[in-house]
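To start, the structure under review is shown below, and the notes come after it.
Read-outs throughout are calculated quantities, based only on the coordinates presented, and are distinct from any laboratory measurement. Just so it is clear, the model here is predicted, and its values are computed rather than measured. Cβ sites come from the backbone with ideal geometry, for glycine too, and all protein chains shown count toward neighbours.
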């Protein structure tokens with residue numbers, strides 16, 4: 001192999017390619033090495049209709065395109081990744097090469113090295129490459145933390161695959177709300193205009209803080225009261241912003257399907273959930289902050305009362321907390337019902353808000369359930385939802401590709417709500433920084449028809465709040 005000493009050589013573990021088929025194009029000017037055992041593992045995983053199987057087949061197609069018109073000497077010299085530049089797989093210039101293992105390569109591992117034969121084979125190859133090319137920095141890239149630990153024990157440089165991460169640190173994620181300084185009106189009110197239109201109060205102002213705002217961002221001045229000044233950024237034009245005074249959904253004011261906002265963040269959530277100009281809403285928060293309840297109450301109000309949408313569709317990724325209970329009989333909706341315990345719980349809570357008799361509450365529940373459809377993610381591809389209110393629960397377990405597939409199902413007059421908790425990710429190889437929910441929040445924050453809010457305060461019970469703090 002003709003490996004340049006001034007370039008790094010990245011050895012890819014199988015799980016990297018299973019996780020991101022475009023990983024081949026994310027190493028820019030550096031070279032990539034794929035061991036033969038990795039190709040074997042990819043071959044074993046290519047069958048099926050799972051996301052991993054689809055990714056593996058895409059990797060195979062990429063490699064097949066690179067191999068077209070090549071001979072054995074070309075393969076030994078490395079395939080230039082720039083051959084697929086025209087397909088748009090990478091925005092930056094690609095100057096690296098792809099190398100395959102073309103001969104037996106082994107290096108002595110500790111005699112009793114534990115773990116799978118595939119992992120040990122890859123580690124052995126990395127050691128052999130480092131020994132054969134001492135001038136080149138050889139780096140193992142793996143999504144498997146245990147593989148990286150074993151590499152560290154053998155003094156092999158190993159890294160996680162970072163190109164799938166939306167942010168370097170989850171603390172940098174856009175929160176959707178900002179507290180304004182106490183001297184806000186002194187610094188931004190000199191050229192302010194205000195007016196009332198269709199019962200809504202608007203402010204047009206300019207100042208140094210405007211450049212840091214995003215459309216549909218929630219602004220408030222904290223003076224010890226939840227109802228002092230709360231506004232939503234409606235538009236930004238250079239250094240000028242138009243704000244709208246937020247509607248008050250707290251107790252004693254506006255009510256949404258029998259519930260009121262219990263804190264500032266819930267009030268903003270109801271504002272954007274009930275706003276027909278907002279097509280996409282993301283809600284983040286820990287357990288008990290009211291994400292599902294708020295989304296469902298707003299959906300019922302707009303479906304049953306306002307007739308804005310024809311029906312509510314709920315879906316979620318079916319990742320079990322414990323052992324899988326196996327096959328579930330019935331139709332698609334019956335199979336999904338056990339996964340929708342949150343829906344049933346919140347419907348019971350919403351039904352209890354009225355003072356009607358048990359008979360009237362049962363009739364209302366039957367009518368409501370006819371307006372709510374439970375759907376599986378497995379059958380979303382190719383569908384188009386027209387005039388629907390779509391709630392995607394547990395969205396933190398979705399990959400960016402899955403999130404894109406779901407959001408692009410939206411037809412005219414459809415609203416999508418993504419809710420989740422980034423501290424409860426159950427999908428292998430997904431983290432808070434690489435979750436599809438994080439990806440959606442970051443990519444949509446500048447679009448005027450989307451909104452995001454992070455719910456901070458738990459409102460479930462004093463027991464749940466205490467458990468969240470100490471456990």
statement: Quick P(r) readout (the range 156-265; Cα-Cα; 5 Å bins; whole %) gives 2, 10, 17, 19, 16, 12, 8, 6, 4, 3, 2, 1, 0, 0
query: What per residue convex hull volume, in Å³, do the alpha-carbon atoms of the range 204-324 yield?
result: 156
- request: Give the Rg (one decimal place) followed by the Dmax (whole number) of the range 267-314, computed from C-alpha coordinates and expressed in Å.
  value: 10.7, 31
query: Can you work out the FRET efficiency for the pair residue 74 and residue 46, with r the C-beta to C-beta distance and R0 = 22 Å, to the nearest 0.05?
result: 0.35
